[in-house]
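Data block below; observations after.
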Amino acid sequence: MRRPRSAPRPFQALRRFVLGLLILTVALLAGLYWLGRQGAAPAEAPSGPRPDLEGATAVSEGFEYTQVVEGEPVFRIRGESFRAGEEDRIELQGVGLTFFRQGRELGIESDRALYLPGTSEAILSGTVRILGENGLTLTTPELKLLAGGQRLVSEQPVSFVFLGGEGTAGGLALDLERATIAFRAPLTLAGSHRDGQSYHLQAQGAVLERPSRLLRTEGPSEIRFGRSSLHADRLTVLFADEAGTLQQIHASQDVSGEILPPAETPGDALPFTLEAYAVGLFFEPGGRVPARLEIEGTQSQAALLVARAAGGVTRVLLSRSVIGRFAGGELVAAETVGQSEIQEFLERAGEEARLVRTVSAQFMEADLAAGRAFETVTLTNDVRIHDAAFDARAERAFLRAADDAAQLFGNPAIVTDERGELRAPRIDYQRANGRAHARDGVSGRFQGAMLPGGEAARSGEPTRVRAREAFFDLGGDDFTFRGEVQAYQGTTVLFADQLRSEEGQSRLSASGQVRTLWTAAEGERKGEQVEITATSLTYRETDRRLLYDGPVVAAQGPLRLAASRLEVELDEHRQARLMTARGAVRLDDEATRRVIEGETARYDLAARAVTIAGDPARMRDADGNSLRGRNLLHDLASGAIRVTAGEDG
């Protein structure tokens with residue numbers, strides 16, 4: 001059930017005036033008509049054209065009447081002349097009716113008036129002015145009073161003053177019962193706040209709800225406030241007071257606009273542009289500058305907030321819902337709810353803008369700064385980053401525009417590129433140098449053979465690495481793993497304190513308690529594990545050589561080879577073919593219980609033969625037998641040993 005409502009205070013005087021005008025005019029005309037028949041002399045009227053007397057039933061000139069209560073004027077009606085014609089038509093010239101309220105004057109003035117008692121309607125024409133409370137002024141060439149004075153309609157251009165501004169419209173309809181004013185196209189309204197903030201409104205039409213100071217537009221509309229603007233098919237503007245202080249602006253349907261800080265804001269500010277289904281703008285108390293921005297999209301179409309920065313960078317925020325915060329009139333922060341995305345474009349002189357990065361998450365919080373466009377962004381829940389060189393996933397992320405850096409957090413955070421992926425609870429990276437730093441427990445997976453030796457080299461299995469931390473060139477080949485490093489590829493395993501790739505992965509080095517394990521791919525003992533421990537390891541892809549620095553110990557089955565340095569030559573499949581040991585070489589063969597010592601040793605894995613050289617090389621066994629010579633050849637398959645040079649027993 002609709003609750004009945006009375007006319008609000010701003011319209012009470014105007015409504016009483018219109019009703020009074022009709023009643024008092026009829027009474028006054030009747031009195032004048034009666035007085036005229038008695039020959040009473042009318043009051044002196046201002047000079048002007050005399051009315052046409054033909055067909056008149058009563059005529060009077062120069063009337064004015066003021067009602068006084070307790071010494072104070074209540075209302076005044078005046079006219080230059082009137083003419084009561086046939087069919088009860090009453091015509092007046094120079095009409096004015098004024099109500100006095102608390103020292104203010106409210107009223108209607110017109111050059112001419114036509115009153116039709118039969119329909120209780122009147123037409124005011126010439127220059128018609130309505131003077132209302134709080135500075136409300138309407139001026140039009142013609143005004144119709146309809147429905148017993150409840151509606152005032154003008155189909156002629158209207159100028160008006162209210163809410164601290166001035167405007168024009170193609171016409172109006174004023175409903176006194178509902179206390180609304182409907183303006184016809186084209187509508188313009190401009191006002192200036194006492195603190196310097198100004199607004200300018202253009203619309204195809206609008207309805208003003210006077211009690212709430214709410215202005216609703218229809219059709220393509222635009223409002224400018226300060227240096228900012230909004231365009232939409234519908235605008236709703238809420239004024240805080242009669243001085244025209246902006247309180248809220250709501251735009252809906254095909255909304256676009258620009259947001260700029262006040263002119264006095266230091267620095268060269270670039271605008272934020274927006275596109276949305278709906279936008280809400282809320283102003284600080286006093287209405288000088290905005291305080292809050294709400295941007296809404298639809299289920300199928302996201303809202304856009306676009307920021308341009310120096311260097312040709314443009315970042316576009318897409319979200320179903322964006323909430324912005326202002327400080328001193330400058331948009332300084334934005335947050336989103338629901339799946340959101342930032343698209344980053346780069347435009348060079350003479351080139352089209354190209355998409356270089358996308359970032360998405362369920363929630364975003366961005367600190368904005370003029371000239372930098374999204375200074376920092378915090379992303380939460382299902383974070384995804386797509387860059388030209390890599391992709392990333394995380395539970396949370398923090399992006400900085402100043403140094404183009406990011407911090408990714410997750411369980412784990414994941415970065416992938418064409419080589420593979422890196423996982424860690426935290427991954428930091430900088431796009432400028434393409435360097436990533438993973439920490440707090442790292443795991444990686446890389447496609448293609450990385451670890452040399454054994455069957456895994458030709459298996460095509462990915463290499464997996466674990467470490468405490470890692471440094472990674474995104475989109476490149478170099479990386480460094482540190483702290484309890486474990487690398488796996490099939491049955492090939494590497495342990496070290498540090499594992500490092502350089503020169504586009506053509507050089508691989510490990511250091512600190514190095515230990516490698518692989519499965520022999522050739523020879524009689526194919527499938528047997530080979531284990532090598534050393535202080536450091538270096539691998540060069542160009543010459544397919546592994547270099548272990550010592551002390552070095554290599555073990556395979558019953559064999560144990562110790563030396564200061566060990567070099568392993570690989571075949572075209574990167575499988576171990578030949579080992580060369582140097583410096584204090586010692587070979588222990590548990591199968592034959594022999595020990596052979598020398599300066600160098602060559603181990604042919606396919607032939608299962610070890611040649612030890614020295615000056616001299618020496619062999620001894622568990623039975624006390626010994627053999628010396630410059631070169632001792634140990635056939636591992638048969639267990640035979642012979643001296644090939646400088647034989648001495």
>> Sequence gap at least 6, Cα distance under 8 Å: using those rules, report the relative contact order of the range 589-649 to the nearest whole percent.
In response: 27 percent
>> Using Cβ contacts closer than 10 Å as the measure, can you line up Val383, Val377 from fewest to most?
In response: Val377, Val383
> What net charge do the residues around Ile181 carry, taking every other residue with its C-beta under 9 Å from that of Ile181, with Lys and Arg at +1 and Asp and Glu at -1?
Replying inline: -1
>> Below 8 Å between Cα atoms, with a sequence gap of 6+, how large is the relative contact order for the range 527-590 in percent?
In response: 27 percent
> Based on the Cβ-Cβ distance from Ala291 to Phe471, what FRET efficiency comes out when R0 is 56 Å, to the nearest 0.05?
Replying inline: 0.80
> How far is the Cα center of the range 374-441 from the Cα center of the range 540-571, in Å?
Replying inline: 38 Å
> Rounded to the nearest 0.05, what FRET efficiency is calculated for Ala310 and Ala190 with R0 set to 51 Å and r the Cβ-Cβ distance?
Replying inline: 0.90
> For His200 and Arg89 in the same chain, what is the full-extension length gain: residue separation times 0.36 nm, less their Cα-Cα distance, in nm?
Replying inline: 35.6 nm
>> I'd like the distance separating the alpha-carbon centroids of the range 469-483 and the range 152-218, in whole Å.
In response: 66 Å
> What Kirkwood radius, in Å to one decimal, follows from the Cα pairs of the range 457-645?
Replying inline: 17.3 Å
>> Please compute the length gained on full extension between Gln253 and Leu346, using 0.36 nm multiplied by the number of residues separating them and subtracting their Cα-Cα distance.
In response: 30.5 nm
> Which net charge results when you count Lys and Arg as +1 and Asp and Glu as -1 among the other residues whose beta-carbon is under 13 Å from that of Leu146?
Replying inline: -3
> Given the Cα-Cα distance of Glu418 and Gln301 and 0.36 nm per residue of separation, how much length would full extension add, in nm?
Replying inline: 38.9 nm
> Where does the charge balance sit around Gly170 when Lys and Arg score +1, Asp and Glu -1, over other residues with C-beta under 10 Å from its C-beta?
Replying inline: 0
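Every number here is computed from the coordinates shown, using simple stated rules; none is lab data. Model, not experiment: these values are computed from the prediction. Using ideal geometry, Cβ is built from the backbone for each residue, glycine included, and neighbour counts are taken over all protein chains shown.
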